[in-house]
1. Of all residues in the stretch 77-91 being part of a strand (DSSP E or B) and of a type in the set (A, V, I, L, M, F, W, C), which is modelled with the lowest pLDDT?
2. So, in the stretch 1-34, exactly how many residues are farther than 18 Å from Ala107 by Cα, part of a helix (DSSP H, G or I) and among the small types (Gly, Ala, Ser)?
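The values are calculated or read from the model by the stated rules, or taken from the named source; none is laboratory data. Since the model is a prediction, treat every value here as computed from it, not as a measurement. The protein model used for the area step is the full one, side chains on, heavy atoms only, and it has no ligands, DNA or RNA in it. Shrake-Rupley method; radii C 1.70, N 1.55, O 1.52, S 1.80 Å.
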Amino acid sequence: MGHPTTLDEFTAVWNKFEQQRGFDDIATTLGLAPHAVTSDTMSMSFKLTPALSQANGMYAAAALFGAADITGTFMAMQAFADKGQFPLAVQSNLNFMSNSKAAQAIATARILRGGGSLAVLEVSVADDTGKELVHATFTYILKERKLGK
């Protein structure tokens, strides 16, 4: 595996991952979808729905955290993990910067440092107007695991 270079390639890799997983998980609940890719970032978008909102109609903290973690996990998986490996979060630091009622939010992951067994990523979640909602860092250990149940 390697870092996708185009949005079409990113979408194809994501769709294959979803099929291999074999069950619906939090990524399905969030409605995450590939949004953009550059040489050093991957972005996933999700829409504000009643299931992902607080009582006041803004994004729930759990939805923002989940989008940040899954985007970071998928970036680490593509960039560092050999076939059959999966990044497991062992540390996270998350700052909620603001909140929004914007229709869509975008989580963008960037590798800060990585290697054979660990990856450290920075993830920003912003609404579709560009307002930063979350700034996070995650440390993932790359472990051998099979996808699915």
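1. Among those residues, the one meeting the criterion is Phe86.
2. The total comes to 1.
So that you can scan it fast, the table gives a plain yes or no per residue for (1) part of a helix (DSSP H, G or I); (2) open to solvent by less than 30 Å² (accessible area, probe 1.4 Å); (3) among the aromatic types (Phe, Trp, Tyr); (4) modelled with pLDDT of 95 or more:
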| site | (1), (2), (3), (4) |
| --- | --- |
| Ala36 | no, no, no, yes |
| Ser39 | no, no, no, no |
| Met42 | no, yes, no, yes |
| Ala63 | yes, yes, no, yes |
| Asp69 | yes, no, no, yes |
| Met75 | yes, yes, no, no |
